[in-house]
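The values are calculated or read from the model by the stated rules, or taken from the named source; none is laboratory data. Quick caveat: nothing in here was measured; it's all calculated off a predicted structure. No Cβ is skipped: glycine too gets one built from the backbone with ideal geometry, and neighbour counts run over all protein chains shown.
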Amino acid sequence: MPEYVGLSIETDPDVLMDEALELLSVLVPGFVPKEAHLEVWLLEIVARMTAETRYLFTLVSDSIFRYFGESLVNIPPIEGAHATALTTWTMLDSAGYTISAGTQVAYRVAGDKVAVFYTTEDVVIAPGSTSATNVLIQSPVLGSAQNGLGPSGLELVDSLAYVSSVTAASPTAGGVDPETNLEYLSRLRDEMTLLTPRFVLAADAAVLARRITGVARALGIDNYDPGTATFDNEKMMTLAVVGEDGLPLSSGIKTAVQAYLESLREINFVLHVVDPTYTTINVTFVVVAHPGFDLAAVDTAATAAVTNYLSPATWAGGSETPPRWATSETVVRYLEVAEVLNRVDGVHYVDTLTINGGTANVTLTGVAPLPTVGTITGSAISA
């Protein structure tokens, strides 16, 4: 795949200077830049300062994408690796010794320059033995620069009187350069193309359902079978979907939701897409208006407020961003409707109120319940 391409921003101060002079000659007909002119000096200063600022801008997007990759999708950059070698340490006698982790050895690379390596862990040479094999040494320098050293020319740096020699059977190897920013961002882009969305819970499926055009929000119910109205069905979920108006969607959209989610589900997982269950709510009210308010306007505003409150489009979080569908909001409460009326501009207090003919709360029915507005009959009267 093509490599990652950062922001295309000109950062060469000479190019910016040329562009500024060209623009100035357009804005000021007859202008001829001269090396010693103050305006040319000022433009040079501004061009260099602008170039520095623009360079910083080019780093911003890279930093954002790097943070996104490392922190949000858990794709870290490759940090590289240290060059290593397996060595044999030979003692002067068999008294038994311990070579401490961090003991340094070195390869002479050129003249007086050496490449230092160190043991990675304590090495115990038991009494009666005169050598230790397969002792790992590692470069402190991350990357490939110290690959290919040796195997001859290995010298002990730390003074250990009991060590006769340190030898390596093969050259140093395994050092890997850290991923550059460009390499990491290019790989991140490639890996992101492989991140296919999957869902485990019904709530996850509800989020993905909104990818289908026409679906404003969805409610997922785990283990629910709408055919038997039971909640103990393993590897099954039901999804209720609605449009922006909170009303049922066409069969075509529901089929599209079903097909898309089934393309993502695991084998033998059953998915149902259904309409919500609607409970019709009829409201009758009389409100007393504050003096000086137009009664017809107050009545209209109060009716609109109740209608909006009971709308299936806004109920249970539909008006939020992003829209949600709270499963806990299954009751139209008498006092909440009264409060909606009391908040209307011009309303002094609610005189009478009935919901579906009474003064009790109304429970919405079904597993994906929504209210639908029936008849709203209201009036505003003077105190």
Go over the candidates Ala305, Ala301, Ala360, Ala297 one by one and state the one that is part of a helix (DSSP H, G or I), farther than 27 Å from Ala216 by Cβ and of a type in the set (Gly, Ala, Ser). Ala297
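Yes/no matrix, rows are residues, columns are (1) β-branched (Val, Ile, Thr); (2) crowded, with 16+ Cβ neighbours inside 10 Å; (3) at pLDDT 85 or above; (4) assigned by TED's automatic domain parsing to the domain that holds Leu149:
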{"residue": "Glu10", "(1), (2), (3), (4)": "no, no, no, no"}
{"residue": "Asp62", "(1), (2), (3), (4)": "no, yes, no, no"}
{"residue": "Leu72", "(1), (2), (3), (4)": "no, no, no, no"}
{"residue": "Leu86", "(1), (2), (3), (4)": "no, no, yes, yes"}
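Looking only at the range 349-369, decide whether some residue is free of Cβ contacts under 8 Å to residues at least 12 places away in the same chain and not assigned by TED's automatic domain parsing to the domain that holds Arg217.
yes
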For residues that are touching a helix residue (DSSP H, G or I) at 6+ places or on another chain (Cβ under 7 Å) and closer than 30 Å to Val340 by Cα, scanning just the range 247-306, find the one that is surrounded by the most Cβ atoms within 10 Å (Cβ to Cβ). Ala302
Given Glu183, Glu179, which one is part of a helix (DSSP H, G or I) and under 41 Å from the mean Cα position of the chain (by Cα)? Glu183
Just one listed residue, out of Glu320, Glu262, Glu266, is among the charged types (D, E, K, R) and in the same structural domain as Ile355 (by TED's automatic domain parsing), and it is Glu320
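Among the residues of the range 158-192, write down those that are of a type in the set (S, T, N, Q), in contact (Cβ under 8 Å) with a residue 60 or more places away in the chain and loosely packed, with under 13 Cβ neighbours inside 10 Å.
Ser170
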Count of the range 253-277 residues which are over 20 Å from Pro369 (Cα atoms), outside any helix (DSSP H, G or I) and of a type in the set (Asp, Glu): 1
